[in-house]
Every structure is written in C-alpha cells, then in structure tokens.
1. Being in contact with a helix residue (DSSP H, G or I) (Cβ under 8 Å, 6 or more places away or on another chain), in a helix (DSSP H, G or I) and within 12 Å of the ligand (Cβ to nearest atom) is the filter here; which residues of segment 1-30 pass it?
2. Within segment 42-64, can you find the residues that are of a type in the set (A, V, I, L, M, F, W, C), more than 17 Å from L16 (Cα to Cα) and either out of contact with any Pro (no Cβ under 8 Å at 6 or more places or on another chain) or surrounded by fewer than 14 Cβ atoms within 10 Å (Cβ to Cβ) (or both)?
3. Take residues that are over 15 Å from K15 (Cβ atoms) and tell me which of the strands (runs of 3 or more DSSP E) falling wholly in segment 54-150 contain 1 or more.
4. Suppose the filter is of a type outside the set (K, R), touching a Gly at 6+ places or on another chain (Cβ under 9 Å) and under 25 Å from M140 (Cα atoms); does I82 pass it?
5. So is A34 among the hydrophobic types (A, V, I, L, M, F, W, C) and more than 11 Å from the chain's Cα centre (by Cα) or not?
6. Being within 15 Å of the ligand (Cβ to nearest atom) and not hydrophobic (A, V, I, L, M, F, W, C) is the filter; apply it to segment 93-115 and report the residue that is surrounded by the most Cβ atoms within 10 Å (Cβ to Cβ).
7. Do we have Y61 as at pLDDT 95 or above and touching a Phe, Trp or Tyr at 6+ places or on another chain (Cβ under 7 Å) here?
8. Name the one entry in G108, G115 that is in contact with a Cys (Cβ under 8 Å, 6 or more places away or on another chain) and of a type outside the set (A, V, I, L, M).
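The values are calculated or read from the model by the stated rules, or taken from the named source; none is laboratory data. This structure is a prediction, so every number in the text was calculated from the model and none was measured. In this analysis, Cβ positions are derived from the backbone assuming ideal geometry, glycine residues included, and neighbour counts consider all displayed protein chains.
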Amino acid sequence: MRIGLGCDHGGYNLKLEIIEYLKSKNIEYIDFGANNDKESVDYPVYGEKVANAVISKEVDYGIVCCGTGIGISLAANKVPGIRCAVVSDVFSAKMSRAHNNANMLSLGERVLGRGLALEIVDAWLNTEFEGDRHLKRVNMISEIEKKHNK
Ligand code: RB5
C-alpha cells in the first residue's frame, strides 16, 4: 500500500507525525508538500496534488491535513472520483471506509491531538469497504459527479 500525503502550513506538523506513524508500520508514502509551517501556503494546491495522485493510481490512498481539515478536503473533493472524508473521531474514520469507500482522509491539526489523529489514521487504513448495498450508494455519488461535469 502506498499513501499520498499533503498539507498546508496549518497541517504540516500533523503530517510529520503521520509520516512517523507510516514509517513505524513500514507503509510506503509519497509526500506532495508543503515542506514547512513557516510559510503561508494555499491548501487547494496540496489537496489537488494528492487527489490527482490517487486518481492516477500513483498512490492507493491520500491523507491530507490543514488547520481544520476542511479546506484541503473541499479542494480534493473537486477532483472527480475523490471521496475525501474530514474525520475527527475513530468511529467516523471506520465508517468512511466501510460505508463510503473514502479514498482520502482529511485531518485538522488545530482540531486533533496527536494521539487521536494517529488512532484515526490507523483505524482508517485498517478498515475495508463493505461493498454490497453501500456500493450502490457510492456509485450514485459518481453519477451526480458525471451529471454535473458535462
Ligand atoms: C490556514 O490558516 C487555514 O485556513 C487552513 O489550514 C485550513 O484550516 C482551511 O480550511
């Protein structure tokens, strides 16, 4: 499994924690920036970069961070085929994989402590999509996308 990572300045330090977690589990990753928390940068740039890598299959899943997790997820979700879930608890992390087949996870550094954030990442990466009735609903999301992208 290979993970694409991205953040703005507001999510940079949480991304570093996630990198340490991935290294400890021997999970491959590609870091698409940003590269420090000093320079103010624009979260849509990094949300789109990771989303593109997921869609092109350069990575299997994306994890992105900004101050709240909201802005970078909104940007990622504009890329057709992306289902990026902003998550602040372990139950929603599991459900976003099991029921929604989320292919990106978004976290807020200013919202979450390190411990909870890494529990969320662990739960998210270790939960499979259940398919079945949920597949029909996920496909319906794709249909909405197609209808509006004409
Ligand atoms: C940056 O200050 C902040 O707005 C950004 O990290 C994020 O929280 C936006 O949704």
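1. Passing the criteria: G10, G11, L14.
2. Kept after step one, since they are of a type in the set (A, V, I, L, M, F, W, C), are these residues of segment 42-64: 45, 50-51, 53-55, 59, 63-64.
Those still in the list that are more than 17 Å from L16 (Cα to Cα) too: 45, 51, 53-55, 59.
Scanning segment 42-64 gives V45, A51, A53, V54, V59.
3. Working: elements: 61-66, 84-86, 104-108.
Per the criteria, 84-86.
4. On the way: of a type outside the set (K, R): yes; touching a Gly at 6+ places or on another chain (Cβ under 9 Å): yes; under 25 Å from M140 (Cα atoms): yes.
In short, yes.
5. Values: among the hydrophobic types (A, V, I, L, M, F, W, C): yes; more than 11 Å from the chain's Cα centre (by Cα): yes.
For A34, the condition - among the hydrophobic types (A, V, I, L, M, F, W, C) and more than 11 Å from the chain's Cα centre (by Cα) - is met.
6. S106
7. Values: at pLDDT 95 or above: yes; touching a Phe, Trp or Tyr at 6+ places or on another chain (Cβ under 7 Å): no.
Against the criterion (at pLDDT 95 or above and touching a Phe, Trp or Tyr at 6+ places or on another chain (Cβ under 7 Å)), Y61 does not qualify.
8. On the way: G115 fails: in contact with a Cys (Cβ under 8 Å, 6 or more places away or on another chain).
None of the others qualify; the one that does is G108.
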